[in-house]
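Novice: Below is a structure I'd like to ask you about.
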Amino acid sequence: MSIINTYTKGTPVSGDYLLGTKMPLPNTDDKAITQNFSVGDVAAFANTYSLGYTLYTALVTQAGTAAPTATVLQNTITGTLTWGYTSPGIYTLTSNGTPFTNNKTIVFLNVGDGEHNQMLMWTRTSSSVITLKTNGDNDRITAGALEIRVYS
């Protein structure tokens with residue numbers, strides 16, 4: 001019997017293989033089958049696997065009276081999302097569709113490198129608008145982490 005932690009660690013490439021078990025369908029007499037899976041095939045499957053939600057993940061910065069700017073890390077929410085400035089400390093993320101479903105939309109956010117102890121809140125204003133609010137001042141969000149999830 002092999003001791004797995006005695007093998008050297010490698011860096012996988014798409015054509016490498018992983019050993020795995022293909023499981024039978026429930027309530028059948030089929031047996032589990034041990035077989036090879038390519039790293040590329042596993043990666044392709046992972047990219048299509050649904051987690052049950054769409055998301056928008058970005059690093060957000062706001063300065064002066066400008067709308068926030070976002071470095072988008074990932075976006076699977078359908079449509080175009082646009083940042084807007086409403087008034088000091090109030091900003092909107094507006095969709096050209098209606099993705100922000102009531103009771104299925106959640107937002108995780110922080111001020112990033114902004115001031116410590118800074119308040120930052122979110123509201124689902126409508127099915128097409130998420131509103132972010134600080135304590136009424138601009139320049140409070142610097143590379144703040146923002147993730148919006150819309151569950152199906």
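The values are calculated or read from the model by the stated rules, or taken from the named source; none is laboratory data. Note that this is a predicted model, so its numbers are computed, not measured. Cβ placement follows ideal geometry from the backbone for every residue including glycine, while neighbour counts extend to all protein chains displayed.
Novice: Of the conditions (1) surrounded by fewer than 18 Cβ atoms within 10 Å (Cβ to Cβ); (2) in a strand (DSSP E or B), residue 103 satisfies every one except a single condition; which number is it?
Specialist: Every condition holds for residue 103 apart from (2).
Novice: With the condition kept exactly as written, say whether any residue in segment 77-85 is more than 18 Å from the chain's Cα centre (by Cα) and at pLDDT 95 or above.
Specialist: Looking through segment 77-85, at least one residue is more than 18 Å from the chain's Cα centre (by Cα) and at pLDDT 95 or above.
Novice: Can you list the strands (runs of 3 or more DSSP E) lying wholly within segment 21-100 that have 1 or more residues being touching a Gly at 6+ places or on another chain (Cβ under 8 Å), outside the structural domain of residue 123 (by TED's automatic domain parsing) and not β-branched (Val, Ile, Thr)?
Specialist: In segment 21-100, the matching strands (runs of 3 or more DSSP E) lie at 33-38.
Novice: Before we move on, is residue 124 within 27 Å of residue 47 (Cα to Cα), under 20 Å from the mean Cα position of the chain (by Cα), surrounded by 15 or more Cβ atoms within 10 Å (Cβ to Cβ) and charged (D, E, K, R)?
Specialist: Judged against the criteria, residue 124 is not a match.
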